[in-house]
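Since the structure comes first, as structure tokens, the remarks are kept for the end.
No value in this document is a laboratory result; all are computed from the given coordinates. Predicted, not measured: the structure shown is a model, and the values here were computed from it. Because the Cβ atoms are built from the backbone with ideal geometry, glycine has one as well, and the counts that use them run over all protein chains shown.
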Amino acid sequence: MKLAIIGLSNSGKTAVFNALTRQNLETTIYPTVSGEPNFGVVKVPDHRIDRLAEIYKPKKVTYATVEYIDYIGLTKGDVAQNRKVFDLIKDVDAIVHVVRAFENDSVSHPMNEINPLKDIETLELELIFGDIELIEKRLERMEEGAKKGKKPNEAEKKLLLKCKDALEKEIPLRNVSFDDEEQKAMKHLQFVSTKPEVVVLNIGEGDLNSDRMLDFQQKAEKYFIDKDISETTKVVTLCGKIEMEIAQLNTEEAKAFLDDLNIQEPALNKLIHVSYDLLGLISFLTVGEDEVRAWTITEGTNAQKAAGKIHSDIERGFIRAEVVGCEDFIACGNMAAARDKGLLRLEGKAYEVKDGDIINFRFNV
């Protein structure tokens, strides 16, 4: 899974990126309009993997991972400048939109006002304008081609006009219904407003666990509910500055710090899990003395397709899948006990894999 962290300048994008990736990139107090993108790979926190590793004591423990990209901020009304960001994020699975909700006089705001809902709307419109620009250029090329005798692709033209109509009504394409053929035809166009979105309200230290924090969260959620787009956009509230500090601590120090703040776990864990839910992703698990590992698949994937995540030969030679739920296995303590209690079962290729399934694939090639 690849996610792009975007936002207006000085929203705290890089602080969130640092916190997620445990990097220590410089955070500036002024807008940055150039530079190279930053990349980082993050392990997906999973208590099930932690517990299974305690049981098996394997040579290797492999968590699911997420790749994050951080780049320059978007600028209101500057489509040419914003195109640098759009070109980078067109291949990602989803976007993490960091919105400034913290007060700090020493850190300038590009619009000279701390107004999270206004910033959300501003960035949404920039994504929409970026896609309109792309559509208009493509329609122009079609028209020029038609003048030269080249027959236009009528199906694509119809799709482009449908997208343009929605965008001009300020509806991002992630909230427009497309059939299978349209979705297939859209892939090469790489629109940016099609991306599912996690909005991160970046609050100040003093607003943690406060009524103001709750108010920010509720207003942002209502904004998306009122626009009937809450299914493709989720809201998380955190303090990037504190999360960045936590990320630099060892496990014991981090726990003590969280306890002092009356926080159960870093908010970034929630951000990762919300991203998974938004994209409809789950993890199945494989276990053994060599390795305990999480494998990421799309919810609804059958057992044979899931086997292919490990190796194409296993998918091709699939016979059966031995399956037990992780919680059932942990309660039993070992596979023999799970089998005796009838919790370890054999499933065929059509079985729909569930989140947390521990699977051993039988195959023959």
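For the range 300-363, what is the charge dipole size about the Cα centre, in debye to the nearest 20, if Lys and Arg each add +1 at the Cβ and Asp and Glu each add -1 at the Cβ?
The dipole magnitude comes to about 240 debye.
Stokes-Einstein D for the range 300-363 at 4 °C, 1.567 mPa s, Kirkwood Rh over Cα pairs, in µm²/s?
Working: Rh = 11.8 Å.
Reported coefficient: 110 µm²/s.
Looking at G356, Q264, S106, which one has the Cα that reaches farthest to the positive end of the dipole of the chain (charges on Cβ: Lys, Arg +1; Asp, Glu -1)?
Final value for the positive-end residue is G356.
With n ≥ 4 as the cut-off for DSSP H runs, can you work out [θ] at 222 nm for the chain, using -39500 (n - 2.57) per run divided by the number of residues, rounded to the nearest 500? Mind dumping the intermediate values first?
Details: 14 runs with 157 residues, N = 365.
Roughly -13000 deg cm²/dmol at 222 nm, from the helical runs in the chain.
Hey, got a sec? Which GluC sites (Glu not before Pro) in the range 25-133 land in a DSSP loop and have at most 12 other Cβ atoms within 10 Å? Can you show the working numbers first?
Working: sites: E26, E54, E67, E103, E113, E121, E124, E126, E133; in loops: E26, E103, E113.
Taking the range 25-133 and a limit of 12 other Cβ atoms within 10 Å, the loop GluC sites (Glu not before Pro) found are E26, E103, E113.
When the Cα centres of the range 317-359 and the range 54-83 are compared, how far apart do they sit, in Å?
32 Å
Compute the projected area of the convex hull of the Cα atoms of the range 55-170, averaged over all viewing directions, and report it in nm² to one decimal place.
13.7 nm²
Against the empirical 2.2 N^0.38 Å scaling, what ratio does the C-alpha Rg of the range 2-278 come to?
Details: Rg = 20.6 Å, N = 277, 2.2 N^0.38 = 18.6 Å.
For the range 2-278, the normalised Cα radius of gyration comes out at 1.10.
The range 216-332: D in µm²/s via Stokes-Einstein (Kirkwood Rh, Cα pairs, 20 °C, 1.002 mPa s)?
In µm²/s, the coefficient is 119.
Skipping prolines and chain starts, which residues have an amide H placed within reach, meaning under 5 Å, of the one on I319, given they are 5 or more residues away or on another chain?
For I319, whose amide H was placed from the backbone, the distant partners under 5 Å are R362, F363, N364.
Hey, which of these cross-link pairs are over 26 Å Cα-Cα: K219/K255; K57/K234; K255/K309; K157/K222; K76/K169; K222/K270?
Beyond 26 Å: K219/K255; K57/K234; K255/K309; K157/K222.
Check each of the chymotrypsin sites (Phe, Trp or Tyr not before Pro) in the range 179-251 and keep only those in coil by DSSP with at most 14 other C-beta atoms within 10 angstrom; list them in order.
Of the chymotrypsin sites (Phe, Trp or Tyr not before Pro), not one in the loops of the range 179-251 has a Cβ with at most 14 other Cβ atoms within 10 Å.
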